[in-house]
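For reference, the structure is listed below as C-alpha cells.
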Amino acid sequence: MTKKFLIISFLLPAFIQCVFAANHKALDQPDSLYLFSYGTNGLRFAWSIDKQNWTAIGNGYPFLRSDYGTWGAEKKMYTPYLIRGANDTWQIVWSVNDRALQFAHASSADLINWRPQNYPYVQKGRNVLRPVISYSKSTGKYTIVYADSGNEYFRTETKDFKSYTPVEKITASAYTNLGTTVSLQGEKVEGQVHRVAWALVEGLIKAYDLQQYKAIQNAETTKDDAIRFAGLKTVDAEIMLHPGEAKKISTMLTGVFFEDINYGADGGLYAELIQNRDFEYHPRDKKYSDKEWNSSSCWSLKGENASFRIDSVKPVHPNNLHYAVLTVEKPGASLVNTGYDGIAVKKGDPYIFSAFTGLLQGKGNKLAIKLVSDSRGVLAGNTITVSASGWKSLKSTLIPSADASDARLEIQPLSSGGIALDMVSLFPQKTFKGRKNGLRADLAQTIADIHPRFVRFPGGCVAHGDGIANIYKWKNSIGPLESRKGDRNIWNYHQSMGLGYFEYFQFCEDIGAEAVPIIAAGVPCQNSSTGGGGQQGGIPMDEMGAYIQDIIDLVEYANGAPNTVWGRKRAEAGHPKPFNLKYIGIGNEDMITDVFRERFEMIYKALKKAHPEITVIGTAGPFFEGSDYVEGWKIASELNIPVMDEHYYQSPGWFINNQDFYDRYDRSKSKVYLGEYAASLPGGNKTNLETALAEALYLTSLERNGDVVEMASYAPLLARENHTQWNPDLIYFNNTEVKPTTGYYVQQLYGQNAGDQYIPSSVSLSNTNTPVKKRIACSVVKDSKTNEIVVKLVNILPVPVNTSLDLQTYRPESGKAGKTVISGNPADRDVRPVISQTDIGGKTTLELAPYSFTVLRFRVKN
Ligand code: AHR
C-alpha cells in the first residue's frame, strides 16, 4: 500500500512517460492504424493494427459526453456516428433520446478537445434514432440521415452545421449506415472504423493518461497524510518579503454569492414567517411531483362548522391570482399556518401581522389573530375588524409572552359568514437595520460580518431559470408586495419575490457592498427540464429587444433620477437616492453555443452603448476547462469583455494542486470574477477543516493574482437545515440558530483582512519535496488606508511549520500583532477561529500548528 502510494504521488509523471515509450516500442511506431469509435453514454475508442484485435483506449474512457437535456440521468449519448469531414475535422452526430425531434452534433480537430455541442431541430418523424452523417468532398455538404421509431427514414443537409435543409422523407434503402461491429473485450460492439495516423491514437492515450494523473492529484486528501508524509518532521520555513515588487490588487476580492437555493431567501434571509402567504404555491413549482404542493399548502383548517377553499375570481392583484375563502357557519374554527417548520418568536419582540381581507357575506366580522404554541399555549392575540366588501389591508402587532420555536398563526372569524384573505403576513419588526419588509437580522448580520465587498444576486441557476419562461424577471420582484409575481424556483420550490431587487440593493447599501446582479444572457439554464433541449430554446429574436430594454431599465431603477420612469419606482419604494450600481453580469455558467453568443452579444453591445459606466461581467461556463470555458474566453477576447465569471466546485486536492491556475493568466485580457467555488469532499459533499484549509490555501493564490482576479465568491451562501438542494454551503441555519461552517470563517478572515497591495514573498523550506511545498502557502497584503500589514499563512501538513518571518522593511508600530488561528483535525467540522496577540518585529518566529490557517495583522511605522 505504502509503496504503491509513493509511486503514484512522486513518480507518476515519469511513469506516464514510460508508458508512452512502451507503447511506441511495442507498436514499432506504425504510421497509421485503425481507430474504432463507439459508445453509449459517451464516445469511446479502441485501436487495432489488423482490424481483428482491438485495444480499448483508457479501458473505454469517454472522450465526449452528451450535454443535452436536464441534469443527471437524462444526459445520454445513443448511437454516436463519427466521420472525418472537411479539413480533416471530425464530425459526430448522436441520438439524444427516443422523444426529441433533435439530434446532437459536435466537432473536433483531435478527438480530445471538442467544440460546443448543438442540438438541431428536425421537423419530421417521431424522434431521431440512429443518425448517420456523411460528407461529400465534391459538394462540400454533410448529409444526416436518421430513422424514427415508426421505421421511417429522413434526410437533411448542411454545409456549416448552422443552417440545415428542410427535412425530407427517404426510403429505407437510402438510409445508409456504414458502421460495423467489432469484438471488443469479449463483446460485440457497434461503431465506425477509421484509418488514422498513429499520432492521433498516441494523442488519445496521452490525454487519457493525463486525465488519470489529474484525477490522482484531485483525489489527494488528508486521510492519506499518514502515508504520504510518513516520517515527516517539523518543517522550517523562512519567509522573505519583497516590498520592491509590491503590486496593486483588487479591493473587491471577497464577496458573497446569494441565491434563493436551499430556502436561502423565502424561509431564510427574507424575514417573512408565513409560508405561502399569497396562496400562489403551484404544483409546477415541484414539477408536479408533489400532490400536496398547491395554493393551499402550509394552510389548514382547525375546528368544525367551517370550510376553506382557494378562489381566483376577484384577485387582490392580477399578478397574485389566488386567495383564500374562509366560510364559517358557526364560529370556532381557525385558518392555520405553521410557517417554515414552525414559527420561531421571541418574548417581548413585536411581530406585525398584516393581511388583505374582504367581507364576502354579512355586515361585518372580527378576526381573532393568535400566535399559538403547542408547548406554551397562546403566546399573543389580537382582534381585527373586517368591514369592507372589497380588499382592504389590515394590520395588527402581536407581542409574544414567551419564546417559542413551534408557534403557528391562527386566524379565527368571530362571527359566521365568508371572508376572503390574501397576503397573510407575520413579520418581525426587528429586521436587519430595522428595514420594512426586511431581512432576518441574525442571518443578515452573519453575512455582513464577512465584510463582503459585493453581493451577487439572484443566482446561480435562479438567474437563468428552468426554461425561457422561468428566466428571472426583475420587474416582477419590485413594487407593492401584492403586485409582485412569484414564480417556480428552479430548485423545486416557490419564489415569492418578497426579497426582490429593492431589498437586495438596500441590503448591499446597508453592508457597504457593491451589487452584482446576474441577468440571463437570453438563454435559460442548459440543464432545463422544461422547454426542450437545454438552452437551444433561447429567447426568440423578436422578443430580444424588449428583454434588453428590461436590462437597461434595471440600471435606471438602480441609478436613475427620481423623475425617470424606473427611478420613480425606486423613490416610491423609499429610496430617492440612486443605489449607484456599477456591475452587471450577463449569463450564468451557460453552455457557450451560437444561440448563447448571438444573444449575449446583442445584450452586451446594447448595455455598453446605453450605460458605458457599467462594468459588464461575461461568463466562461460551469468548469475551469472544456469547450464552454474555451469558447467563453474566446468571446471575452473578441468583445473585450471587462470581467469574466468562472465557476468551479472541486475537491481539496484540486485546489492544492492548482494554486498556479491564475499565475498563467494573460494580464492584458479580461479580469476574472471567480463567481462560484467551493472545496467539497466526495460522498456527501460535506465541509470540514480540510475543505476550509484548501480554500484558505487557494485564496492566497487569488490574492497573489489580485491584479487579474477582481472578485471571488464562495457558493452557495445559505442553506436551511433539512431543506438543502445543494451541499456544501457556507452558512447553515434553522429558525433559531445560525451555524456558520469553518469555511465561513476563512471567508470572514479574508474579507476582514483584505489589502489593496500585494507584497510578494519567497518561502524557503527545509523540506523541498513538492507535496510538502504545495501544502504551505503565504500571502502578504497591505491595507494602505490603515497602514496595516496582513500576513496569511496556511499549513495543511500533519506537522508544525516553524516560520521565520523577516519584517525588517515593515516594522510593527507596537511590537504586537493581532493573531487569529483556525486549526484542528482535518476532519473536524466545527472549528472556530482563536484570536490572540503575539509579539512581532524584525525576524519574527512563529510556529504554524499542523493543519492551520493563521492571520497576523499589525500597523507599521511610517
Ligand atoms: O451554487 C449552486 C449552483 O451551482 C448555482 O445555482 C449554479 O450556477 C451552479 O451550478
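Could you give me D for the stretch 797-862, from Stokes-Einstein at 25 °C and 0.890 mPa s, where the hydrodynamic radius is the Kirkwood radius over C-alpha pairs? Units µm² s⁻¹, please.
192 µm²/s
How much length is gained if the chain between ASN177 and THR770 is pulled fully straight, taking 0.36 nm per residue apart and subtracting their Cα-Cα distance, in nm to one decimal?
Taking ASN177 through THR770 to full extension adds about 208.3 nm, to one decimal.
At a Förster distance of 51 Å, what's the computed FRET efficiency of ARG829 paired with SER138, Cβ-Cβ distance as r, to 0.05?
0.15
Under 16 Å from a point 7 Å along the Cα-to-Cβ line of SER416: which residues of the stretch 352-393 have their amide N that close?
Taking a point 7 Å out along Cα→Cβ of SER416, the residues of the stretch 352-393 whose backbone N falls under 16 Å are 360-366.
Could you pull out every one of the lysines with an alpha carbon less than 22 Å from that of LYS366, ignoring same-chain neighbours closer than 8 positions?
Counting by Cα, and skipping residues close in sequence, LYS366 has these lysines nearby: LYS302, LYS314, LYS330, LYS392, LYS395.
Between LYS861 and ILE170, 0.36 nm times their residue separation minus their Cα-Cα distance comes to what?
Extra length available between LYS861 and ILE170 comes to 240.3 nm.
How about the stretch 683-789: which GluC sites (Glu not before Pro) there lie in a loop by DSSP and see at most 11 other Cβ atoms within 10 Å?
Here the GluC sites (Glu not before Pro) that fit, given the DSSP loop and packing criteria, are GLU737.
Computed over the Cα atoms, what is the radius of gyration of the stretch 730-862 divided by 2.2 N^0.38 Å, N being its residue count?
So the stretch 730-862 has a normalised radius of gyration of 1.11.
Give the residue list of GluC sites (Glu not before Pro) in the stretch 602-646 that are DSSP loop and have at most 16 other beta-carbon atoms within 10 angstrom.
Answer by residue number: GLU613, GLU625.
Which FRET efficiency value, to the nearest 0.05, is calculated for LYS577 and GLN185 with the Förster distance at 41 angstrom and r the Cβ-Cβ distance?
The calculated FRET efficiency here is 0.05.
Only helical DSSP H runs with n ≥ 4 go in: add -39500 (n - 2.57) per run for the chain, normalise by residue count and round the 222 nm mean residue ellipticity to 500 deg cm²/dmol.
Computed mean residue ellipticity for the chain: -6000 deg cm²/dmol.
Just to confirm, what accessible area per residue do you get for the stretch 436-559 at 1.4 Å probe, in whole Å²?
26 Å²
Assuming 1.567 mPa s and 4 °C, estimate D for the stretch 645-700 with Stokes-Einstein, Rh taken as the Kirkwood radius over Cα pairs, in µm²/s.
For the chosen part, D equals 107 µm²/s.
Just the number please: accessible area per residue for the stretch 45-133, 1.4 Å probe, all protein chains included, in Å².
Accessible area per residue, the stretch 45-133: 43 Å².
When the C-alpha atoms of the stretch 272-430 are aligned to their principal axes, what extent does each axis show, in angstrom, from largest down?
42, 40, 29
Could you pull out which residues in the stretch 347-387 have an amide N less than 19 Å from a spot 7 Å beyond the Cα of ALA402, following the Cα-Cβ vector?
Counting only backbone N, you get 347-351, 370-382.
For the stretch 199-264, what D do you get in µm² per second when you plug the Kirkwood radius from alpha-carbon pairs into Stokes-Einstein at 10 °C and 1.306 mPa s?
Here the translational diffusion coefficient equals 86 µm²/s.
For the pair ALA368 and ASP542, how long in nm is the line joining their label points, each one 7 Å along Cα→Cβ?
Output for this residue pair reads 6.0 nm.
Rg and Dmax in Å for the chain, alpha carbons only: what are they?
In Å, with Rg to one decimal and Dmax whole: 30.6, 99.
What's the carbon and sulfur percent of the chain's accessible surface, probe 1.4 angstrom, rounded to a whole number?
Taking all protein chains in place, the chain shows 50 percent carbon and sulfur surface.
Check the straight Cα-Cα distances from LYS141 and name the aspartates and glutamates below 12 Å, setting aside those fewer than 8 residues away within the same chain.
Filter leaves GLU157, ASP160.
Mind running the shape call on the stretch 391-489? Use the C-alpha gyration tensor, a ≥ b ≥ c as the square roots of the eigenvalues: rounded below 1.5 for a/c, prolate if a/b tops b/c, oblate otherwise.
Verdict is oblate for the stretch 391-489.
For the stretch 774-814, I need the span (max minus min coordinate) of the C-alpha atoms along each principal axis, in Å, sorted largest to smallest.
Here the spans come out as 36, 18, 14 Å, largest first.
Can you figure out the FRET efficiency of ILE310 with GLU74, using R₀ = 25 Å and their beta-carbon distance, to the nearest 0.05?
Efficiency at R0 = 25 Å is approximately 0.15.
Among the chymotrypsin sites (Phe, Trp or Tyr not before Pro) within the stretch 278-365, which fall in a DSSP loop and have no more than 13 other Cβ atoms within 10 Å of their own Cβ?
Within the stretch 278-365, the qualifying chymotrypsin sites (Phe, Trp or Tyr not before Pro) (loop, at most 13 other Cβ atoms within 10 Å) are TYR288.
Show me, for the stretch 347-360, the HN-Hα J-couplings you get by feeding each phi into the Karplus relation (A = 6.51, B = -1.76, C = 1.60, θ = phi - 60°), rounded to Hz, glycine and proline as x.
3, x, 7, x, 10, 9, 8, 8, 6, 8, 10, x, 8, 9
Which of the lysines could a cross-linker bridge to LYS137, judged by Cα under 22 Å and excluding same-chain residues fewer than eight apart?
The reachable lysines, counting only those whose Cα sits under 22 Å from LYS137, are LYS159, LYS162.
Which log10 I(q)/I(0) values does the stretch 3-217 give at q = 0.15 Å⁻¹ under the Debye formula, counting every alpha carbon as one identical point scatterer?
For the stretch 3-217, the Cα-only Debye profile gives -1.00.
The values are calculated or read from the model by the stated rules, or taken from the named source; none is laboratory data. In this text, all values refer to a predicted model and were calculated from it rather than measured experimentally. Because the Cβ atoms are built from the backbone with ideal geometry, glycine has one as well, and the counts that use them run over all protein chains shown. We work out accessible area using only protein heavy atoms, side chains counted, and drop any ligands, DNA or RNA first. Shrake-Rupley method; radii C 1.70, N 1.55, O 1.52, S 1.80 Å.
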